[in-house]
Every structure is written in C-alpha cells, then in structure tokens.
Amino acid sequence: MKNIFKYLVLVLSIVAISSCSDDIMDDINKDLNNSEKAESKLLLPSAIVETAFGTASTDIAWYSSVYVEHSAGTFGQLQTADNRTGCREASLFNNSWNSVYSNLMVLKDITTKCSPSGTEPKNFITLGISQVLTAYNLAVLTDMWGQVPWSQALQGAGNYQPKFDKQQDIYNSIFTMLDSAIVNFGKTNAVNIAKYDLIYGGDKAKWKKAAWGLKARYYLRLSGRVPAYLDNALACIPNSFASAGDAFMFNKYEASAIGENAWYQFYYDRSYLAVGKNLFDLMEARNDTNRIVAYFLTDADGNYTPAPNGNANPGQGSGEYSLSALTDAGQTAATPLMTYHELKFIEAEAKFKKSDATYQATLKSAVEASFTYQGVSGGSTYYTDNVLPRLTAGNELKEIITQKYIAFYEFEAIEAYNDFRRTGFPVMTNPNNANPNLGFVNRFPYPTSEVTSNSANVPSINIFSGKVWWAGGTE
C-alpha cells in the first residue's frame, strides 16, 4: 500500500506540474509588480519630473549659471569650471547626457503607444504632451552640445553607434513635433489624465499655449541664421500665454529630502555657488533695489558681497560671499520651463528688430511681469526710471537682453546662457574669457560615455572657440 500511495502522489505531482506549466511556469522570473505594458498615462509623471528636475535643473543649469555669470563657482567642480581648469573634462556631463536620453526613450515609448498604429491611438492629449516634452528635452541637448544623435538614436541594440545630426536638422524635427502637438491638442480625447499630468492637470488649452511659446522661443533663437524666423516668432506669440497663470511650470516639489527642488538640494548638500558679481553690478547700476533684496542674502557681516566671477576665493558656504535668497527659500520652488515674462521679452526683442516702435510698451510689460513673478513690487517705476533712459540709439538690444538676463536669475539660467551665446549681451567679465588658451565656454564637452561607446561619430570640438550652429558656428 505504501508503494502504491507513493506512486499516486508522484503521478498527481507530475500532473499538477504539467497542468500549471502554461499558466504559472511562464510567469516565473517575471516582475509582476512592474508591468511590461504600462499605459502611457502611467509613464507621464516620470517623464515630466525628469524633464523639470534632470533636464531643466541639475548640472546643465548649474554650469550654465556659472558660465553666464549669474553665479560664481566657489568650491568643487563649479569653481574649476569658473576658473576654466575643469570645464573640459568629458566626465562632467555623463549623468546629464544619459538622463536626458533615458527620458527621451520613455517619451518615445509614450509617443509610440499613442500614435495611430499604437495601442492607444485615440489618446491625443498624452501624445501631444509627449511631443512637447520631447521637443523641450531635445532642444536642451542640442543647445548645450550642438550636433547630437537623434535620427538614429533611441534604438537600443538596433544601433549602438548612432550618427550625430546637424543642429539645423534637429530643430526642423523640433518644429515638426510642436506643430503635431498643437494639432493633437485640438482633437477630442476620451482619456482622463488629469492626475498624471503634473504640469497642467490635463488642460489641453494650456499645453497648446506652451507649444506655441516654445515655438516662439526657438524661432527667435534661430533668427540669426534665418531672419524670417522673427516674423514666425511674432506670429506664435498671440497663441501662447495670456498671463503668468498659463506659464509652463513644474510646481509639485515637496518639502522632503527626496522631493525637493534640485537647486535647493544642491545648495544645502554642496554649497558650490555664490552670487555672481557681474549680475549684482548690473542690478546695482540700475538701482534695482527691490530685486536685490529678493534675490540675494547678505554675507556674514550683513553686507551684499558678490563673488568675483572667475577668481573667487574657495569656500564651501563660508559666509564670505552673498548667496541666493531664491535658492535658500526654494525647497518647493517651481521649476520654470517657460515663463510668461520670457514670452514678453521675446516679443519685445522681435518687435525691436522689426522696427516696431511698440517694443517699448512690450518691454515694460516684460519687466513688470518679471517683478510680479518674484513677488516684488515697483516694476513700473523701475522701468520708467532705470530702463527707459537706457533705450538710446544703438543700445536698445543690449538693454532688452540685459533686462531679460536679470529677470532670469536663477532658475532660468539655461535660457540666459543661450541668449548670451546668441547676442553677446550682457558683456561677461570673467577674466578667464580673455585668456588666449581658455576663453568663454561656448558649448559643453561631449561626455565620456558617448566618446567611449560612439567614438567614430563624435564630432571633434573646441568648447571655447567652437560655437553651436545657431550661435554662428559651423557644422
């Protein structure tokens, strides 16, 4: 009996194993908590947060802030970047480069799912958002590095060594994406993504305005190469932000070590930056007292002491120099991807270049909006007393860009860096810019990760003398 019982148990065990093989055995070694077929809306929060935190902030923004002299590097890698001894190191931007491309891969997945042949062909709003975010991330990539992989990128094992595309071709793709997004935001959409959209809460109209705003920004950026783009920029503006409430902002940070604003986190963890003297001097010369109080902390002696750009004394939060009041109080401060005051500055510049006398009224609106954005009063008086008198013949563009530069401190440093490379205003004062062996940093070095894995295609560049295409460089 015992032998028969053992036999029956063995047979039943074999039957049980074979009967469950199709249903259970196939699931072994699968992570059932992480779906391989996530809906596109579930991927949106990650893509949005990474765009705000990783692309619009962190190293790309911090180095831009130093190069454009909003800030001065006083310690670590940002001090060596400021004195130009460490800015050529390819390892500096591995994290930024890789994180942007990782985010573009997620956005590609969203776009594929929501395309006509995808699994969610009617999810037009998510498709449009993905296209806008892709355009934004791709623009930051090419603005910082120039030629970058795009047409052959994001293929994984299909192509480990994608070619580097010309910047002008990349921008053509960006405009196409934004145009497609605008069309998609105009379509009827049955998918509710309100809680997944961490910027506009599923408001298609506001996303559409953001797309138009980015088009205006990029047309102005390229207008030095294609003068007709000034008209394109002006044509986009009426379709974009009508007020600060429409602005393209990420405002979902939390007062915690894992949920706080990247600038704040860097400020308290590293303290590598101080207020740049060039910015402070420009504001002091214009009696910009209200914003000086809002922007900067006093030093240990109660005075405003900005750090000299390019040769500050080393110190990690030593109290020798003034620090940013915006960052100091900015644990949950919003990350601006594009502000209303930027749109007005774009309009003012384009109008001036088109000999439209109303540029002054638009510039006044831009200055007032920038004061309001920072919660500061007196914008109208400041414009009348300190800006208008400087709009003399031959000085107009310089003052427009200088006012934009001041307004962009500190979380909009990337755009200030782009504007200087495009216009040459305001004048930079870092003495290392005049060193014949060094100079102003016109672009970022290609990262080690790309140089190592794709050496055959990585362009040879000089970060000091080699400008990106839209800033007058060759490719």
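Each reported figure results from applying straightforward, stated rules to the coordinates on display, with no laboratory input. Just so you know, these numbers come straight off a predicted model, no measurement behind them. Every residue, glycine among them, receives a Cβ derived from its backbone with ideal geometry; neighbour counts consider all protein chains shown.
Below is a table of values for the structure above.
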| item | result |
| --- | --- |
| Added length on full extension, which subtracts the Cα-Cα distance from 0.36 nm per residue, S271 to D169 | 32.8 nm |
| Cα centre as origin, Lys/Arg/Asp/Glu Cβ charges: the chain dipole, Debye | 1040 |
| With 10 Å bins from 0: P(r) over the stretch 76-216, alpha-carbon pairs, percent | 11, 36, 31, 17, 5, 0 |
| Burial ordering of D281, D197, fewest other beta-carbon atoms within 10 Å first | D281, D197 |
| Spacing of the two label points (7 Å from each Cα toward its C-beta) at K108 and S256, in nm | 3.3 |
| Residues A242 and Y160, FRET efficiency given R0 of 41 Å [Cβ-Cβ distance, rounded to 0.05] | 0.35 |
| Tail beyond 42 Å, pair distance distribution of the chain (Cα, percent) | 20 |
| Dipole axis of the chain (+1 Lys, Arg; -1 Asp, Glu on Cβ), positive-most option in P447, T74, W62 | P447 |
| Spacing of the two label points (7 Å from each Cα toward its C-beta) at T372 and A228, in nm | 3.6 |
| Orientation-averaged projected area, Cα convex hull of the stretch 36-126 (nm²) | 7.5 |
| Normalised convex hull volume, the stretch 306-407, alpha-carbon set, Å³ per residue | 141 |
| Using a Förster distance of 35 Å, the FRET efficiency for T85-D203 (Cβ separation, nearest 0.05) | 0.15 |
| Candidate lysines - alpha carbon under 18 Å from K113, same-chain residues fewer than 8 apart omitted | K37, K41, K122, K187 |
| Lysines with Cα under 27 Å of K277, excluding same-chain neighbours fewer than 8 positions away | K344, K364, K398, K404, K467 |
| Kirkwood Rh in Å, taken over all unlike Cα pairs in the stretch 359-475 | 16.7 |
| Projected label distance in nm at Q152 and T188, using a 7 Å step from Cα toward the beta-carbon | 4.4 |
